[in-house]
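What follows is a short report on a single structure.
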4 protein chains.
Amino acid sequence: MDTSSPSLAPALQVERWFNTSSPITLDSLRGKVVMLEAFQMLCPGCVSHGLPQAQRVHSTFAREQVAVIGLHTVFEHHEAMTPVALQAFLHEYRIPFPVGVDRAGIDGPIPQTMQAYAMRGTPTLTLIDRNGRIRHQHFGQVGDLVLGAQIASLLGEPVVDAKDEITEQAGCSADGCAIA
Amino acid sequence: MDTSSPSLAPALQVERWFNTSSPITLDSLRGKVVMLEAFQMLCPGCVSHGLPQAQRVHSTFAREQVAVIGLHTVFEHHEAMTPVALQAFLHEYRIPFPVGVDRAGIDGPIPQTMQAYAMRGTPTLTLIDRNGRIRHQHFGQVGDLVLGAQIASLLGEPVVDAKDEITEQAGCSADGCAIA
Amino acid sequence: MDTSSPSLAPALQVERWFNTSSPITLDSLRGKVVMLEAFQMLCPGCVSHGLPQAQRVHSTFAREQVAVIGLHTVFEHHEAMTPVALQAFLHEYRIPFPVGVDRAGIDGPIPQTMQAYAMRGTPTLTLIDRNGRIRHQHFGQVGDLVLGAQIASLLGEPVVDAKDEITEQAGCSADGCAIA
Amino acid sequence: MDTSSPSLAPALQVERWFNTSSPITLDSLRGKVVMLEAFQMLCPGCVSHGLPQAQRVHSTFAREQVAVIGLHTVFEHHEAMTPVALQAFLHEYRIPFPVGVDRAGIDGPIPQTMQAYAMRGTPTLTLIDRNGRIRHQHFGQVGDLVLGAQIASLLGEPVVDAKDEITEQAGCSADGCAIA
């Protein structure tokens, strides 16, 4: 998904964080490119491809430029992939970056952030630009060459002044705010 | 471990079986070479090497000749690697052979079969000959060439009459039976 | 090698081209990012890593943006890696991009382009920017993430007017031109 | 090819040997299992799969039990894959076992040993038992598990007294000898 008119990335709905001392918001990451790696700990493609790639991005780019965030988007086998199981998984697989547990769905098995981002499954890699907008989304595998190029391309873009940006994106005016 | 005076493989202490309609005993497998793959679902080396190798053995050799048995030997993160979590894991990773859950240790974290086989960790691959004796044990990785050769070598051995064998192994005489 | 004051890439000294109907000059590629892959057909690292990576770049980026050029820089076993042997190699390995045979060294085994670029061996990957200047040089292996990012970063740079550029680079003034 | 009535392996027709101080004959290897790896230095499947596998066999089994022999069976690009080119190749790829150059075909591009063994291309792996008979032949790839099992199985067979064997194979009787 390469949206020509990118929209602001929805806020992360996280019920518990690992590998970080305090909760993380996308707003606090403005100015950085964010790689959001949605996975399930029992998803073979996530374990063999998605997470190792996220670790490579985490160790290749400077922390001031690129933030890698894991998101545990459990949409099946909920009883198996509990937070305590995830914690053991993150420990055994030496996952170094912050990982949030996507908040359970209100009326179905799909958790809230996964739904807000319209993800089709796991792994799903979402690239958010320095201005907080979704720019690329890959379901399944994407090669390192393409990913490296997309990240670098986003790093080359200017950071827009946040106030102007929000105004423009969310369609607010002196009269009020339209739904973005 | 290549024992020159091989001992009878201890009975499997299993609290629950998956991928089989009835419990499996080593006695019932006499006449076949048995590959016992001890693993933990959150052990990276098991997921990337041990289990795929067990699947290759399962699909390469005839079922009448070689029996592949998985054994979930949880000795850490017990709360994460529950039977219900294992069930989801076996489903997602398409594990086709029978898998038993090693019975919890009586006075420690090491489960009973793991202890009886003196395993040092996971993955541990144990080869049991057609007469029920432990012949090879590999902790960590072993190459397919070596494994294929060991299996074929055991397949080339004759099956000894079970009665004679047990007599000899367990040290029974007309006077009675010593502990094996 | 990440030169802060990049110099113009020396002209390619090629005695024979493959996979192109006419000789290629770097001047004709101005405006594109050029990936120059120096290799030897009997260099294991070139065959297993360098050339497959060059093929991935060739198939990932648009031809109008990135030009991949192979350079056969034979500095040992000259009698084995002849042009006719290279031709068979390129055929069997299905190398799709243009490959030039680096012109033999005048007074030693190192061919001329290899010497002009101060390469230390094979494989050596050189990235030349859209203005014809050497920007990155990797001897041995470089990951796809880093390479993809470097290519995209160079693609994001403007093309300078060639006349100005040459003036500046070559150190010309109203008084005359110094050797670049 | 798993022949039920195995025939004696034809003698190797070699015009030059590398990695051995004296020519090798199959007769001198009686009592060992012989793995004959037919390859071409510019055959990608040979370089990426066949030769690495031959090296694993060479380093896994005892020299007294298994002999690995390479055979350079050039049936195309003869002008590129000359003995001097092969010598450089064997050096750069660190091939440790003896390699013979298959003698050029008399009336066509297929060399003589390749023709005598009815090989269909490269790589072709031929397993010769301890009594000098062809037992398995794999064109293309074969897995390490299967190969290890086949080698071990052949190692488990007895060595027949050579005289008897030849008599039996070649169909000799008191009346004379029929062509084998």
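The values are calculated or read from the model by the stated rules, or taken from the named source; none is laboratory data. Given the structure is predicted, the values throughout are model-derived calculations rather than measurements. Using ideal geometry, Cβ is built from the backbone for each residue, glycine included, and neighbour counts are taken over all protein chains shown. These area figures cover heavy atoms from the full protein model, side chains too; ligands, DNA and RNA do not enter into them. Shrake-Rupley method; radii C 1.70, N 1.55, O 1.52, S 1.80 Å.
Once the other residues with Cβ under 14 Å from the Cβ of B:Asp102 are scored (Lys, Arg +1; Asp, Glu -1), what is the net sum?
Overall, the nearby charge balance is -1.
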Mind giving me the nanometre distance, one decimal, between the label points for C:His78 and B:His78, set 7 Å out from Cα along Cα→Cβ?
7.3
Would you kindly derive the ³J(HN,Hα) couplings of the range B:129-141 from the backbone phi angles with the Karplus curve 6.51 cos²θ - 1.76 cosθ + 1.60 (θ = phi - 60°), listing them in order in whole Hz, with x for Gly and Pro?
7, 5, 9, x, 9, 5, 10, 9, 9, 10, 9, x, 9
In a shell of Cβ-Cβ distance under 10 Å around D:Gln55, excluding D:Gln55 itself, what net charge do Lys and Arg (+1) and Asp and Glu (-1) give?
+1
Here the correct list, in nm and shortest first, of distances from C:Ser7 to the same site in the other copies, label points 7 Å along Cα→Cβ, is 5.4, 6.6, 7.2
With 10 Å bins from zero, work out the P(r) of the protein assembly as shown over every alpha carbon pair and list the percent per bin.
2, 11, 16, 18, 19, 17, 10, 4, 2, 0, 0, 0
Label-point separation, C:Asp107 to A:Val159 (7 Å along Cα→Cβ), nm:
5.5
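What shape does the range C:20-75 take by its C-alpha gyration tensor, where a ≥ b ≥ c are the square roots of the eigenvalues and a/c under 1.5 counts as rounded, a/b above b/c as prolate, and the rest as oblate? Walk me through the numbers before you get to the answer.
Numbers: a/c = 2.59, a/b = 1.45, b/c = 1.78.
Oblate, since a/c reaches 1.5 and b/c is not below a/b.
Give me the percent of the accessible area of the protein assembly as shown that comes from carbon and sulfur atoms, probe 1.4 Å, all protein chains in place.
Numbers: 17030 of 32790 Å².
Heavy-atom surface of the protein assembly as shown belonging to carbon and sulfur, 1.4 Å probe: 52 percent.
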List, shortest first and in nm to one decimal, how far the label point of D:Gly143 (7 Å from Cα along Cα→Cβ) is from its counterparts in the other copies.
1.7, 2.8, 3.1
Express in Å², to the nearest 10, the accessible area of D:Val47 obtained by rolling a 1.4 Å probe over the protein heavy atoms while all chains stay in place.
20
Residue of chain A nearest the A-to-D rotation axis [by Cβ], rounded angstrom distance
A:Ser48, 11
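Out of the DSSP beta bridges found with both residues in chain D, what percent are antiparallel (nearest 5)?
Values: 17 of 27 bridges.
Of all bridge pairs located within chain D, approximately 65 percent are antiparallel.
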Antiparallel bridge percentage (DSSP; both residues within the protein assembly as shown; nearest 5):
65
Please report the buried accessible area for the interface of D with C, total over both chains, probe 1.4 Å, in Å² to the nearest 100.
1300
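Below 13 angstrom from the Cβ of D:Val74, what's the summed charge of the other residues (Lys, Arg +1; Asp, Glu -1)? Before the final figure, lay out the partial values.
On the way: positive: D:Arg16, D:Arg103; negative: C:Glu92, D:Glu15, D:Glu76, D:Glu79, D:Asp102.
It works out to a net charge of -3.
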Rounded to the nearest 0.05, what FRET efficiency do D:Arg120 and C:Ser48 have when you use their Cβ-Cβ distance and R0 = 35 Å?
0.85
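Roughly speaking, what % of Cα-Cα pairs in chain C are separated by over 30 Å, rounded to a whole number?
Numbers: 2668 of 16110 pairs.
Percentage above 30 Å: 17.
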Positive end of the dipole of the range A:14-177, charges at C-beta (+1 Lys, Arg; -1 Asp, Glu), about the Cα centre: which of A:Trp17, A:Phe89, A:Met35 has its Cα farthest in that direction?
A:Phe89
Please work out the Cα center distance from the range A:44-80 to the range B:138-158, rounded to the nearest Å.
37
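With the contact rule set at Cα under 8 Å and sequence spacing of 6 or more, what percent relative contact order holds for the range C:1-152?
Values: 263 pairs, mean separation 56.6, N = 152.
That works out to 37 percent.
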Tell me, what ³J(HN,Hα) does each residue in the range B:7-14 have, in order and in whole Hz, if you take phi through Karplus 6.51 cos²θ - 1.76 cosθ + 1.60 with θ = phi - 60° and put x for Gly and Pro?
10, 4, 5, x, 4, 6, 9, 10
Cβ-vector label at 7 Å, B:Ala104, separations to other copies in nm
2.4, 7.7, 7.9
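Evaluate the charge dipole of the protein assembly as shown about its Cα centre and quote only its size in Debye, nearest 20, assuming +1 on the Cβ of each Lys and Arg and -1 on the Cβ of each Asp and Glu. Intermediate values should be presented prior to the final figure.
Working: 48 positive and 72 negative charges, 4 e Å.
The dipole of the protein assembly as shown has a size of about 20 debye.
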Whole-Hz ³J(HN,Hα) for each residue in the range B:15-29, computed from phi via Karplus 6.51 cos²θ - 1.76 cosθ + 1.60 with θ = phi - 60°, x for glycine and proline: what do you get?
9, 6, 10, 10, 6, 7, 7, 9, x, 10, 10, 5, 4, 6, 9
With every protein chain present, what accessible area does A:Trp17 have (1.4 Å probe, heavy atoms only), rounded to the nearest 10 Å²?
40
Once both label points are put 7 Å beyond Cα along the C-beta direction, the A:Arg16-C:Thr25 separation in nm becomes 6.7
